Amino acid sequence: MSGGRRVEATTTYAILAVMSVVTLLPFVSIVLASLNPPGTLVSGMAVPTHLSLESFREAWTTASFGRLLWSSTKICLAVVPISVVCATLAGYALGTLRVPGAGWIFGGFLLGLTLPVELIVIPLYFDLRAVGLTNSAWGVILAEAGLFMPFGIFWMRTHFRSMPRELVEAAQIDGASSFTVLRRVLLPVSVPALSTMAVLFFMWSWNQFLLVLILIQDPSARTAPAGLGFFVGQYSSDVPVLAAGTLVVILPILVVYLVFQRKFISGMLQGAVK
């Protein structure tokens, strides 16, 4: 390895190491704080003198995280399949089929990427209230699926358009219908893109706070992040219990990412490789 390349590689690894430390330090501090008994005064990154899981027990029982986590799980298990199926079908239609006005339709979805949730949550609340979907999990599910559509359609349209056109044309020559082309030709080679999109949808749905806070008025029916917000107000001075509650909420996202890590990274790099 030449001197210039060695310096470049060393600099790259040094930057990555610094970024890793900056990213992991807050997480490590939360873990250390959560291992202290409830009511302990926590100072920075100090290692607990007495390891205890009592803060987790108190956070779990006091905030009813079992019910809140189940509510979050139900919403995510509905939002992710609905969003993935709709985004895939729409992305396939806009990226592969000859749909009249496809450019204008896609432009409309791109505008949706620029709309922040804070701008539409209040009108959305009144619209859902008019049809009886406020204070309901289905109201949150449909709202989140709609909010995820602009990105999902953009993602899948780009993916399908980057695939060789010859694959589709060969299947059509053999007499395959549009649905058969999608199901038997394109989807089998789209697993990385679909997995990445599904993981992103899961993380976004799980972390959704403001939308759930507005649409669901019953505290017992809210999701884990929304419940954590009220829990913070109740235990603002008890750092170990707050840290334990935070870890309980973020643990499912960490598990999902670790399980689908390879497919997630493969999907993110797929466009660059092509």
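Residues that are more than 15 Å from the chain's Cα centre (by Cα), free of Cβ contacts under 8 Å to residues at least 24 places away in the same chain and not in a helix (DSSP H, G or I) were ranked within segment 167-214; the one that is farthest from Ala145 (Cα to Cα) is Asp174. Within segment 68-76, does at least one residue satisfy the condition of being closer than 22 Å to Pro240 by Cβ and either in contact (Cβ under 8 Å) with a residue 40 or more places away in the chain or touching a strand residue (DSSP E or B) at 6+ places or on another chain (Cβ under 6 Å) (or both)? Yes, some residue in segment 68-76 is closer than 22 Å to Pro240 by Cβ and either in contact (Cβ under 8 Å) with a residue 40 or more places away in the chain or touching a strand residue (DSSP E or B) at 6+ places or on another chain (Cβ under 6 Å) (or both).
Selection over segment 112-126 of residues that are surrounded by 11 or more Cβ atoms within 10 Å (Cβ to Cβ) and assigned to a helix (DSSP H, G or I) gives a count of 6.
Determine, yes or no, whether Val117 is β-branched (Val, Ile, Thr) and without any contact (Cβ under 8 Å) to a residue 40 or more places away in the chain. No, not satisfied. In segment 127-164, the qualifying residues are those that are under 18 Å from Phe106 (Cβ atoms) and charged (D, E, K, R), and the one that is surrounded by the most Cβ atoms within 10 Å (Cβ to Cβ) is Arg157. Would segment 258-269 turn up any residue that is modelled with pLDDT under 85 and buried (at least 20 other Cβ atoms within 10 Å of the Cβ)? Yes - at least one qualifying residue is present in segment 258-269. Name the single residue that is modelled with the highest pLDDT among those in segment 218-236 being surrounded by fewer than 19 Cβ atoms within 10 Å (Cβ to Cβ) and in a loop (DSSP other than H, G, I, E, B). Within segment 218-236, the match that is modelled with the highest pLDDT is Asp218.
For the criterion of being surrounded by 18 or more Cβ atoms within 10 Å (Cβ to Cβ), assigned to a helix (DSSP H, G or I), among the small types (Gly, Ala, Ser) and over 19 Å from the mean Cα position of the chain (by Cα), Ala78 fails. Please go through (1) at pLDDT 85 or above; (2) of a type in the set (D, E, K, R); (3) exposed (fewer than 13 other Cβ atoms within 10 Å of the Cβ) for Glu54 and return the number of the only condition it doesn't satisfy. Of the numbered conditions (1) at pLDDT 85 or above; (2) of a type in the set (D, E, K, R); (3) exposed (fewer than 13 other Cβ atoms within 10 Å of the Cβ), the odd one out for Glu54 is (3).
Here are some residues: Thr73, Thr12, Thr61. Which one is closer than 30 Å to Ser220 by Cβ and surrounded by fewer than 11 Cβ atoms within 10 Å (Cβ to Cβ)? It is Thr61.
So, of the residues in segment 4-62 that are among the hydroxyl-bearing types (Ser, Thr, Tyr) and outside any helix (DSSP H, G or I), which turns out to be farthest from the chain's Cα centre (by Cα)?
Let us first name the residues in segment 4-62 that are among the hydroxyl-bearing types (Ser, Thr, Tyr), namely 10-13, 20, 23, 29, 34, 40, 43, 49, 52, 55, 61-62.
If we keep only those that are outside any helix (DSSP H, G or I) as well, we get 40, 43, 49, 52.
Details: Thr40: 33, Ser43: 32, Thr49: 36, Ser52: 31 Å.
The residue in question is Thr49.
Only residues that are farther than 22 Å from Leu254 by Cβ and buried (at least 17 other Cβ atoms within 10 Å of the Cβ) were counted across segment 28-45, and they come to 2.
The values are calculated or read from the model by the stated rules, or taken from the named source; none is laboratory data. Keep in mind that what you see is a predicted model, and the values were worked out from it rather than measured. Please note: Cβ atoms are built from the backbone with ideal geometry, for glycine as well, and neighbour counts cover all protein chains shown.
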